[in-house]
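Please read through the structure below; I'll follow up with questions.
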Amino acid sequence: MEKLAIASDHAGFELKESIIAFLQKKGVKLQDFGPVNSDRVDYPDYGISIAKAIQEKKVDRGIVICGTGVGMSIVVNRFPGIRGTLCSDLYTAKMCREHNDSNILIMGGRVIGKGLAEEIVDTWLNTPFEGGRHQKRLDKIEDIDRKLETKGDI
Ligand code: RB5
């Protein structure tokens, strides 16, 4: 059973709460990394907590939500091994799993509605990675981090 976590900032709080309720109704367990209310917070703090939990293998995949999803995208994709994908449509939600092995789903709480967000979450959670030629491409992405760390260049 995969371990899942979710986090947001204040702009994504309402959608976070509705996604938690949606998944709980389906019997899907997930850890809530906060925030606990809609008071103003800084999205990097919450994006970092999910990215680190995945890197440290405390959870397998995460969902992060801010106003547009852009701030969270910038934050989580700075972490090696994180493949965060901003989704506002079902095609992207499917393809980012099949081709990119997305391990963080990012959404904009001020961009998409609850109904679409639920379908995106469902699709993203239930679509497997295809591997094969796509794994080779992901390996090339991992190489970027390795080379930057060792040589300072790619
Ligand atoms: C918060 O006002 C907003 O800037 C944030 O949720 C996000 O959209 C940033 O990218």
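Any read-out appearing in this document is the output of simple, stated calculations on the displayed coordinates, not a laboratory observation. Since the model is a prediction, treat every value here as computed from it, not as a measurement. Please note: Cβ atoms are built from the backbone with ideal geometry, for glycine as well, and neighbour counts cover all protein chains shown.
Let a ≥ b ≥ c be the square roots of the eigenvalues of the Cα gyration tensor of region 1-125; is it rounded (a/c under 1.5), or, if not, prolate (a/b larger than b/c) or oblate?
Working: a/c = 1.18, a/b = 1.03, b/c = 1.14.
Rounded, because the longest to shortest axis ratio a/c is under 1.5.
Return the sequence-ordered ³J(HN,Hα) values of region 134-143 in whole Hz as given by the Karplus equation 6.51 cos²θ - 1.76 cosθ + 1.60 applied to θ = phi - 60°, using x for Gly and Pro.
Along region 134-143, the couplings run 6, 5, 4, 6, 5, 4, 5, 5, 4, 4 Hz.
How about region 93-153: which trypsin sites (Lys or Arg not before Pro) there are in a DSSP loop, with at most 11 other Cβ atoms within 10 Å of their Cβ?
Qualifying residues, ordered by number: 151.
Something else now. Which net charge results for the neighbourhood of residue 122, defined as the other residues with beta-carbon distances under 11 angstrom from its beta-carbon, given Lys and Arg at +1 and Asp and Glu at -1?
Details: positive: 26, 94; negative: 118, 119.
Around residue 122, the charge tally is 0.
Let me ask something additional. Take a quick pass over the chain and tell me how many lysine pairs come in under 13 angstrom between Cα atoms, counting only ones 8 or more apart or on separate chains.
Eligible lysine pairs with Cα atoms under 13 Å apart amount to 4.
Also: What's the extension gain from residue 78 to residue 32 if we count 0.36 nm per residue and subtract their Cα-Cα distance? All intermediate terms of the calculation are to be shown ahead of the outcome.
Values: separation 46, 0.36 × 46 = 16.56 nm, distance 2.18 nm.
Between residue 78 and residue 32, full extension yields an extra 14.4 nm.
Treating the angle as unsigned and between 0 and 90°, give the value, to the nearest 10°, between the Cα long axis of helix 114-126 and the longest Cα principal axis of the chain.
40 degrees
Do any trypsin sites (Lys or Arg not before Pro) in region 21-82 lie in a loop, going by DSSP, with at most 14 other beta-carbon atoms within 10 Å of their beta carbon, and if so which?
26, 29, 40, 57, 58, 78
Residues with amide H under 5 Å of residue 104's amide H, sequence separation 5 or more or different chain, H placed in the peptide plane at 1.01 Å from N; which?
62, 83, 84, 85
Pick out, in residue order, every one of the GluC sites (Glu not before Pro) in region 34-127 that is DSSP loop and has at most 12 other C-beta atoms within 10 Å; say none if there are none.
Qualifying residues, ordered by number: 56.
Looking at the square roots a ≥ b ≥ c of the eigenvalues of the Cα gyration tensor of region 110-154, which shape do they give, rounded for a/c under 1.5, prolate if a/b is larger than b/c, or oblate?
Cα axes put region 110-154 in the oblate bin.
At 222 nm, what helix-only mean residue ellipticity would the chain give, in deg cm²/dmol to the nearest 500, using -39500 (n - 2.57) for each DSSP H run of four or more?
On the way: 6 runs with 73 residues, N = 154.
The helix contribution divided over the chain gives -15000 deg cm²/dmol.
What does the charge count around residue 134 come to, taking other residues whose C-beta lies under 12 Å from its C-beta (Lys +1, Arg +1, Asp -1, Glu -1)?
Net charge in that neighbourhood comes out at +2.
When the Karplus curve 6.51 cos²θ - 1.76 cosθ + 1.60 is applied with θ = phi - 60°, which whole-Hz ³J(HN,Hα) does each residue of region 8-15 get, with x for Gly and Pro?
After applying 6.51 cos²θ - 1.76 cosθ + 1.60, I find 8, 10, 4, 6, x, 4, 4, 5 Hz.
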